[in-house]
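See structure below.
The values are calculated or read from the model by the stated rules, or taken from the named source; none is laboratory data. Here the structure is a predicted model, which means the values were calculated and not measured. FYI the Cβ positions are ideal-geometry reconstructions off the backbone, even for glycines, and counts take in every protein chain you see.
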């Protein structure tokens with residue numbers, strides 16, 4: 001989606017210009033090529049990270065805005081070409097290719113936003129009460145989390161809590177051997193992390209130290225690689 005248009009790239013594209021083949025035949029983004037990622041490749045990486053991470057990750061508003069602007073421009077160009085009676089059959093075929101790519105990008109954008117929305121609603125109360133998470137959300141996302149949390153709390157109060165004894169009506173209860181009233185992300189959940197570069201040592205659950213070399217894939221609890229993921233040193237697969 002960056003640089004030359006899709007039509008220009010289609011003339012000189014290899015078998016798969018979005019996902020180069022890694023050594024060993026696994027498709028994906030080569031670690032050494034991260035600086036040359038197109039915006040769409042960046043979106044796919046953030047999308048996969050968001051889908052696999054139990055916690056909500058920092059939003060990508062600038063990237064989404066850039067892609068949406070490009071989609072609008074491509075859509076306008078397509079409409080102009082479709083309305084041109086002098087368009088050749090070859091140009092109509094190119095229009096179909098452009099429309100296909102636009103739909104592909106729109107699908108990933110919608111899925112990325114839905115994934116974030118699901119996490120926000122699942123952990124709305126936790127997000128609303130944890131200030132350090134607020135900077136990961138856009139203003140609209142944070143407002144939605146707060147409103148959703150208030151609605152859920154009102155529903156619980158009206159349907160259940162008001163009928164309980166007064167000492168049991170709080171949603172802040174933290175009873176031993178019982179799940180908390182405020183659900184938090186499960187950072188103990190195992191994830192597959194792919195190292196995009198040589199990573200610093202990390203402490204595993206058994207207390208031992210381990211280092212991930214570039215290209216290595218490890219199955220570890222999310223909290224072990226959380227900071228590496230936020231720094232862009234690994235991706236989740």
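Among all positions in region 155-175, there is no residue which is closer than 25 Å to residue 43 by Cβ, at pLDDT 80 or above and surrounded by 14 or more Cβ atoms within 10 Å (Cβ to Cβ). Surrounded by 15 or more Cβ atoms within 10 Å (Cβ to Cβ), more than 16 Å from residue 40 (Cβ to Cβ) and either at pLDDT 85 or above or in contact with a helix residue (DSSP H, G or I) (Cβ under 9 Å, 6 or more places away or on another chain) (or both), is that true of residue 94? Against the criterion (surrounded by 15 or more Cβ atoms within 10 Å (Cβ to Cβ), more than 16 Å from residue 40 (Cβ to Cβ) and either at pLDDT 85 or above or in contact with a helix residue (DSSP H, G or I) (Cβ under 9 Å, 6 or more places away or on another chain) (or both)), residue 94 qualifies. Scan region 190-206 for residues that are touching a strand residue (DSSP E or B) at 6+ places or on another chain (Cβ under 7 Å) and part of a loop (DSSP other than H, G, I, E, B) and the total you get is 5.
Considering only residues in region 213-236 that are assigned to a loop (DSSP other than H, G, I, E, B) and surrounded by fewer than 18 Cβ atoms within 10 Å (Cβ to Cβ), the one that is nearest to the chain's Cα centre (by Cα) turns out to be 232.
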